[in-house]
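J.: Please see the structure below; I have some questions.
Just so it is clear, none of the values below were taken in a lab; they were calculated from the coordinates. Quick caveat, the model's predicted, so the values are computed rather than measured. Quick reminder, even Gly has a Cβ in these numbers, built from the backbone with ideal geometry, and neighbours come from all protein chains shown.
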Amino acid sequence: MLLEYPADFHVHTCLSPCASDDMTPINILNMAKLMGTKVLGICDHNSAGNIKAVLEIAQDFDILVIPGIEVQSVEEVHLLCLFEKENQVLEFQDYVYSALPPISNNPRYFGYQWLVDGKGNILGEENRMLLASTFLTVDEISQKVHELKGLLIPAHVDRRHFSIIGQLGFIPENLKIDAVEFSRATTKAELKATFDKINNHTLITSSDAHCLQDMVYQKTFLLLKSLNFKEVTMALRCVEGRRVLIRD
């Protein structure tokens, strides 16, 4: 029997300089529990530095945490890159780090990039500037994600800036993607009315939470047989009755 699982694929921790310092692993998971969210994608900008802490604390919750990174391509496109296992996302992080420009973060202007444990205790600070574009193209990112058996989802495609449609003007037909995310600023109906070929893709909407209050936004539901990464992948690809539901 298939059951509905609320999902939010795009949540930032306090590692992202634009996120609140309150976005610690324990706070995020408690908020997800309060909202009933069962599938939670952790996607900081160009880094997976807090993934281990989130996964460790998540063992005390009935929530599937999907390790991820929101990568910024050389075209200034934001892409959600999601993986089943920690070692996969860390290998992808090495790939992303190797393609970041050698610029240090200035917390005075961009915000702090905190590395924390599960309870939010500060372990250190990431010095790389995570808000920079990598030297990687959209195609190169897609190829690496699928080489590591991950999922690729262009982020907030309805936005004018940092989206694949906003930057490129279209979604390349040969680009291997698993879904398309739209933001809280629009609805599924409005998106379909604006972009002709958007129906060619599975659609999701996420909170893109940078503070705990953002996580109240919950409109994506997955029809799954059980709560695991394989089932989530099947839902995004509409396999064997698994699918995505959006309630505007």
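J.: Using a 10 Å cut-off around each Cβ, can you sort C14, C43 from fewest to most neighbouring Cβ atoms?
T.: On the way: C14 25, C43 30.
Ascending Cβ contact count within 10 Å gives the list C14, C43.
J.: Please sort by residue number the trypsin sites (Lys or Arg not before Pro) in the range 180-230 whose DSSP state is loop and whose Cβ has at most 12 other Cβ atoms within 10 Å.
T.: Those that pass, being in a loop and sparsely packed, number zero.
J.: Sticking with this one: Sequence-distant or interchain residues sharing an amide H contact under 5 Å with V77, placed H: which?
T.: none
J.: Given the -39500 (n - 2.57) contribution per DSSP H run of 4+ residues, what per-residue ellipticity at 222 nm results for the chain, rounded to the nearest 500 deg cm²/dmol?
T.: On the way: 8 runs with 65 residues, N = 248.
That calculation yields -7000 deg cm²/dmol at 222 nm.
J.: A further question on this structure: For A193 and D117, FRET efficiency with R0 = 41 Å and r from the beta-carbon atoms, rounded to 0.05? It would help to have the intermediate numbers written out before the result.
T.: Working: r = 46 Å, r/R0 = 1.11.
Computed FRET efficiency for D117 and A193: 0.35.
J.: Please report the spacing between the Cα centers of the range 50-107 and the range 205-225 in Å, no decimals.
T.: 18
J.: To continue, here is another question. If amide hydrogens are placed 1.01 Å from N in the peptide plane, which non-local residues have theirs closer than 5 Å to the one on L136?
T.: It is V74, by chain and number.
J.: Also, I was wondering about something else. Using the per-residue mean of other Cβ atoms lying within 10 Å as a proxy for protection, in what order, highest first, do the peptides 166-178, 231-243 fall? Before the final figure, lay out each step's value.
T.: Numbers: 166-178: 13.8, 231-243: 17.6.
Going from most to least packed, we get 231-243, 166-178.
J.: What is the magnitude of the charge dipole of the range 1-132 about its Cα centre, with +1 placed on the Cβ of each Lys and Arg, -1 on the Cβ of each Asp and Glu, and no other charges, expressed in debye to the nearest 20?
T.: On the way: 7 positive and 18 negative charges, 34 e Å.
Dipole magnitude for the range 1-132 comes out near 160 debye.
J.: Another question, if that's okay. Which of G111, V145, L130 sits farthest toward the positive end of the charge dipole of the range 76-172, with +1 on the Cβ of Lys and Arg and -1 on the Cβ of Asp and Glu?
T.: The residue sitting most towards the positive pole is G111.
J.: Taking Cα extents along the principal axes in Å straight from the coordinates, which label in (i) 44, 40, 32; (ii) 47, 37, 35; (iii) 45, 40, 39 is the correct one?
T.: Correct label, based on the coordinates given: (i).
J.: From the Cα gyration tensor of the range 1-82, with a ≥ b ≥ c the square roots of its eigenvalues, which class applies: rounded if a/c is under 1.5, or else prolate if a/b is larger than b/c, or else oblate? All intermediate terms of the calculation are to be shown ahead of the outcome.
T.: Working: a/c = 2.12, a/b = 1.40, b/c = 1.51.
Oblate, since a/c reaches 1.5 and b/c is not below a/b.
J.: Let me ask something else about it. Given H placed on each backbone N at 1.01 Å, which residues far from N105 in sequence or on other chains put an amide H within less than 5 Å of it?
T.: Those lying under 5 Å, H to H, from N105 are R128, M129.
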